[in-house]
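Structure record follows, encoded as structure tokens.
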Amino acid sequence: MARPAAEFVKVANRFKSAVQVRKDDLAVNGKSIMGVMMLAAECGSSLFIRTDGEDADAAMQALLALVADGFHEMHLTAELRDAEDNPLEEGA
């Protein structure tokens, strides 16, 4: 999880908006490597991402693209879903 977490934080820090990541009952700052590592998210975990700020939409799109791409790791895959657990269409 270290490399995917580092990739996530790297992308999140390209934006001014706040990024929050939640797994189960734990929510952390998505721009903090320690916070993201604390989630202990394994492949297949459900994560909820929230962005807030002037470039929130661009930040969300970049983070979703990273997740959909498997964090640039060839062996990882992800299914994107919205907050109501509905699958997201590619490019949505």
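Within region 29-45, no residue that is closer than 17 Å to residue 16 by Cα and touching a residue at least 12 places away in the same chain (Cβ under 8 Å) sits with its Cβ atom under 8 Å from a residue that is assigned to a helix (DSSP H, G or I) and hydroxyl-bearing (Ser, Thr, Tyr) at 6+ positions apart or across chains.
Only a single item in (1) of a type in the set (A, V, I, L, M); (2) part of a strand (DSSP E or B); (3) without any contact (Cβ under 8 Å) to a residue 12 or more places away in the chain is not met by residue 60, and it is number (2).
Go through region 40-57 residue by residue and tally those that are more than 21 Å from residue 26 (Cβ to Cβ) and not in a loop (DSSP other than H, G, I, E, B).
Of the residues in that region, 2 qualify.
Residues in region 28-53 that are within 18 Å of residue 10 (Cα to Cα) and hydrophobic (A, V, I, L, M, F, W, C): 28, 33, 34, 36, 37, 38, 39, 40, 41, 47, 48, 49.
Beta carbons closer than 8 Å, at least 6 apart along the sequence or on distinct chains, pair a first residue in region 1-27 that is farther than 21 Å from residue 58 by Cβ with a second that is hydroxyl-bearing (Ser, Thr, Tyr) for 23/45; 23/46. State all residues of region 57-68 that are at pLDDT 95 or above and in contact with a helix residue (DSSP H, G or I) (Cβ under 9 Å, 6 or more places away or on another chain); if no residue qualifies, say none. Scanning region 57-68 gives 59, 62, 63.
Which one of these is modelled with pLDDT of 90 or more and exposed (fewer than 12 other Cβ atoms within 10 Å of the Cβ): 42, 54?
On the way: 42 fails: modelled with pLDDT of 90 or more.
Just a single option satisfies the conditions, and that option is 54.
Considering region 1-38, the residues that are in a loop (DSSP other than H, G, I, E, B) and of a type outside the set (Gly, Ala, Ser) include one that is modelled with the lowest pLDDT, namely 1.
The values are calculated or read from the model by the stated rules, or taken from the named source; none is laboratory data. Keep in mind that this is a model prediction, so the values were computed, not measured. A quick note on method: Cβ atoms are made from the backbone with ideal geometry, for glycine too, and the neighbour counts reach across all protein chains shown.
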